[in-house]
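The values are calculated or read from the model by the stated rules, or taken from the named source; none is laboratory data. This one's a predicted model, so the numbers in the text were calculated from it and none came from an experiment. Every residue, glycine among them, receives a Cβ derived from its backbone with ideal geometry; neighbour counts consider all protein chains shown. For the accessible areas, the whole protein counts, side chains as well, though only heavy atoms, and no ligand, DNA or RNA atoms are used. Shrake-Rupley method; radii C 1.70, N 1.55, O 1.52, S 1.80 Å.
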Amino acid sequence: DEDDDEEDVSDLLEALDDASAKPAIGRIPLLLEILNDTEKVGTKAISLKERAIYDLTRAYCETSAYDEVVAMLKTSPFFSTITKAKCAKVVRAVLDMVCNLAPDQLDMQADICKNIIEWTKREKRSFLRQRVEAKLASILLEQHQYGQALALIDPLLGELKKLDDKQLLVETHLLESKVHFGLRNVPKAKAALTASRTCANAIYVSPSLQATIDSMSGILHTEEGDYDTAHSYFLEAFEQLDTLGDRERALPCIKYMMLCRILDSLTKALQLSAEGGVGAKSDRSEVDISGMLTGRQGVKYAGKDIEAMSAIASAASRRSLKEFESVTTMYPQELQEDLLIRHHLHILQEQLLESNLIRIIEPYSCVEISHVANLMEMPLLTVEKKLSQMILDGKLNGILDQGKGQLIVYEELEKDQAMEKGLQVIANMDNVVTSLFERSRALRTMML
């Protein structure tokens, strides 16, 4: 048997060497021939066939024959000749390899994950199924299919809590937080992140995963308008990723740090609220954006992404809406693909528009809307719509006379503080009386 195994190894090794010397499309038939040979099932032969599986996966990815990867996992006789543990190891390795070699083929990745999940259910491989389901949920998140991702995550979290698998719980809660953030449900995203942090405190967490947790914390603090705290979280995440040499994930952290500096400076300059409220006046015409990026960071991560954020900062510092819009048009990929940056740049654009409108309208008690539109260099309908929105939101005290095409601005009267406080006292007394009435009714019910 040992001689047969040695003979098997020599034949397979020679076939693998021949296949490796050929281009991707030429390797595929040779590797398939190796895997379809069911007679050679020795230990060393199986090890070489495992190598053939990985080489075949790479060849399929190089030739963009992603459907063949799914067919290989379904029909290859190799998987019926190895142990379940070995099979699970190979399947996970193939899945990771495909995701790394074809990161943009999300539909294909989801298809492979679904096929693996079906196989794990048939074979009752719960441990592997849970990890593949978590991977599928992350793919669905990238596809913006948030409902399907949540439907997968909820039962998975229930199983993981019963098993007390802390490592996968940390990752799954973090994934849940990202899904809720994609749905713009910040309270639930924050609750999921807190659960992830709680689990992470009980185990060792790799620096890469800790950086992801810190980055998500920064994102949620940015949504709440706490830009200083958000900046510190992004800085922490960036330093860890920079140490690991992960440029791809460190670069967004730098962009987020710059975004926090821009938003914080503009908030202080224009007296803006996190939700987009506008102060009518500002004593500062410029926005302080100094110290946004250190020299070392600027040199190491220089590129279009940093240029785009610097251009946005420059436009914000001059409060130039036209320059701001030209920058967003010039850098669509760098500024529009990221959910956090896109959302806050939209808010920033609205804030600049409202601030500029108020600055133009301020000297007038009655002004033609067309004149305002000409000064803003914007379409008349856009300006009219924005002015009506500001009046309804209480940011502008006036009315639109659409018959004459004019905006009539009323002077802001000082509020009667005595009346305001008197109304507040009456409201508080009403709450007290209502509470006492409910208690007395509850006592009366108990006595009966």
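Projecting the Cα atoms of LEU407, SER217, ALA15 onto the dipole axis of the chain, where Lys and Arg carry +1 and Asp and Glu carry -1 at the beta carbon, places LEU407 farthest toward the positive end.
Averaged per residue, what accessible surface does the chain expose to a 1.4 Å probe, in Å²? Don't skip to the end; give the middle numbers.
Values: 24320 Å² over 448 residues.
It amounts to 54 Å² per residue over the chain.
Write out the GluC sites (Glu not before Pro) in the range 322-376 meeting two conditions: DSSP loop, and at most 13 other Cβ atoms within 10 Å of their Cβ.
Working: sites: GLU323, GLU325, GLU334, GLU337, GLU350, GLU354, GLU368; in loops: GLU337.
Here the sparse-neighbourhood loop sites are GLU337.
Taking a straight Cα-Cα cut-off under 21 Å and skipping sequence neighbours fewer than 8 places away in the same chain, the lysines within cross-link reach of LYS386 are LYS281, LYS322, LYS395, LYS404. For GLY398, the residues whose modelled amide H falls within less than 5 Å of its own, excluding neighbours fewer than 5 places apart on the same chain, are TYR410. Amide H to amide H distances under 5 Å link GLN406 with ILE369, ASP401, where only residues 5 or more positions off or on other chains count and H is placed in the peptide plane.
Using Cα-Cα distances under 8 Å and only pairs 6 or more residues apart, what relative contact order does the chain have, in percent? Intermediate values should be presented prior to the final figure.
Values: 442 pairs, mean separation 27.6, N = 448.
Taking the mean separation of contacting Cα pairs over the length of the chain, I get 6 percent.
If you run the Gaussian network model on the chain, springs between alpha carbon atoms under 10 Å, then out of HIS231, HIS144, HIS173 the most flexible one is HIS144. Split the accessible area of the chain by element, probe 1.4 Å, and carbon with sulfur accounts for 52%. Shown in residue order for the range 34-48 are the 3J(HN,Hα) couplings computed by the Karplus curve 6.51 cos²θ - 1.76 cosθ + 1.60 at θ = phi - 60°: 5, 6, 7, 7, 8, 7, 9, 10, x, 4, 5, 5, 5, 4, 6 Hz (x for Gly and Pro). For Cα Rg over 2.2 N^0.38 Å, the candidate list reads [x] 1.10; [y] 1.56; [z] 1.37; the entry that matches the value derived from this model is [z]. By the rule of a C-alpha distance below 27 Å, with chain neighbours fewer than 8 residues away ignored, the lysines paired with LYS161 are LYS84, LYS86, LYS89, LYS114, LYS121, LYS124, LYS135, LYS178, LYS188, LYS190.
Which trypsin sites (Lys or Arg not before Pro) does the range 98-189 hold that lie in a coil by DSSP with at most 15 other beta carbons within 10 Å? Display every interim value, and only then the final one.
Numbers: sites: LYS114, LYS121, ARG122, LYS124, ARG125, ARG129, ARG131, LYS135, LYS161, LYS162, LYS166, LYS178, ARG184, LYS188; in loops: LYS124, ARG125, ARG184.
Taking the range 98-189 and a limit of 15 other Cβ atoms within 10 Å, the loop trypsin sites (Lys or Arg not before Pro) found are LYS124, ARG184.
Karplus-derived 3J(HN,Hα) values for the range 170-181, using 6.51 cos²θ - 1.76 cosθ + 1.60 with θ = phi - 60°, are 4, 5, 6, 4, 5, 5, 4, 4, 5, 5, 5, 5 Hz; glycine and proline are entered as x. 3J(HN,Hα) couplings calculated from phi for the range 70-84 with the Karplus curve 6.51 cos²θ - 1.76 cosθ + 1.60 (θ = phi - 60°) are, in sequence order, 4, 5, 4, 5, 7, 10, 5, x, 4, 5, 7, 9, 10, 6, 5 Hz; Gly and Pro show x.
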